[in-house]
Structure formats: C-alpha cells, structure tokens
Amino acid sequence: MCGIVGYTGSNPELTALDVVLGGLRRLEYRGYDSAGVALHTPDGLVMVKRSGKLARLTEALEDAPLPHSVTGIGHTRWATHGGPTDDNAHPHIGTGGDVAVVHNGIIENFAELKAELIEQGVEFASQTDTEVAAHLLARAYAAEGDLAEAMCSVARRL
C-alpha cells in the first residue's frame, strides 16, 4: 500500500530529508515495492528513488548525499502501473524539472492523457500513471504561473 510524506519548515537544523525518511520508515509496515524522495533546493529539485525496500534508498542517499533542504516529499509505492523498478518509483518530475509529484491511487484515463502528451513530444521515463500527472502539472504551472491553479486545472483532467 502506498504512503506519502511531505515536509516544509523553517528550522535550518531540521532537514526535510530526515523528516521524510522518518515518515517513510513509519509506513514500512504497510507493504510497498519501491521508495523515493524529492527535495526542493536552492539549485532546483533533486530526486532519488529505488525499487525494493527503504534500505536501498537510504544506501543510495548515503553513497550520494543530497543537498540541505527544508522542503521535500517522499513516497512508498505498491505497483499498479509498471513493475517495481527504479524508474517507476515515485516521485516523478515533470518536464522542465520544476515540479515533483507523488500520488496514491489510479488515474483511470492516464493512457489517453499519455498518448496526448507523447503526441506533443513529451518523453516518459516510466510506465506509471503518476508521471502523466507530473508532466501535465509542469505544463500547466509553466503556462499559468500559479501552482495551486495549475493543480486545480490538472485535477479536472485526471
């Protein structure tokens, strides 16, 4: 079963990564096949995700530490679209790298939306329905400039 953890704060001594990983550890009992994190840093979004248990993600983060951040999201995934691979793990970053998305559930019309995006030249890195939402949100955010409005317009299409 999927789980989502998010954090944003202003305490420079408390990192988003520590909070998000702590939350993901508390969700491990639910069962999952992959895990990942995305952090907002001064240099943009950074992301690490791995298939398998959370230990694989934490090993990857130890091998290549991420920069300090006070805003981040994390996800444990149970596959519904696409197998348990690193590419299919969440989060997914939309075209342009400005938004990261995690999602629980199934987007029923994702195939139709994905076909539309592919026709417009979007390249996909996964087989998930969530990556469709990430690309749609990135496009809407770029066009509208307001993340909340962009999310509302995308949600109406999903």
Roughly how big is the stretch 22-148's charge dipole about its Cα centre, with Cβ charges of +1 (Lys, Arg) and -1 (Asp, Glu), in debye to the nearest 20? 600
Diffusion constant of the chain at 20 °C, which comes from Stokes-Einstein with the Kirkwood Cα-pair radius and 1.002 mPa s, µm²/s: 135
What's the ranking of 2-15, 128-141 by average number of surrounding C-beta atoms within 10 Å, highest first? 128-141, 2-15
Heavy-atom accessible surface of the chain: percent carbon and sulfur, 1.4 Å: 53
Excluding ligands, DNA and RNA, what is the solvent-accessible area per residue of the chain at a probe of 1.4 Å, expressed in Å²? 51
Gaussian network model of the chain, Cα within-10 Å springs - most flexible of G74, G96, G83: G96
Which one, P65, A35, M47, is farthest towards the positive end of the dipole of the stretch 28-76 when Lys and Arg carry +1 and Asp and Glu -1 on their Cβ? A35
Between Q127 and E149, take the C-beta separation as r, use R0 = 25 Å, and let me know the FRET efficiency to the nearest 0.05. 0.30
Before rounding to the nearest 500, sum -39500 (n - 2.57) across all DSSP H runs of length at least 4 in the chain and divide by the residue total; then give [θ] at 222 nm in deg cm²/dmol. -11500 deg cm²/dmol
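The values are calculated or read from the model by the stated rules, or taken from the named source; none is laboratory data. These figures come from a predicted structure and were not determined experimentally. A quick note on method: Cβ atoms are made from the backbone with ideal geometry, for glycine too, and the neighbour counts reach across all protein chains shown. Accessible surface areas use protein heavy atoms only, side chains included; no ligands, DNA or RNA. Shrake-Rupley method; radii C 1.70, N 1.55, O 1.52, S 1.80 Å.
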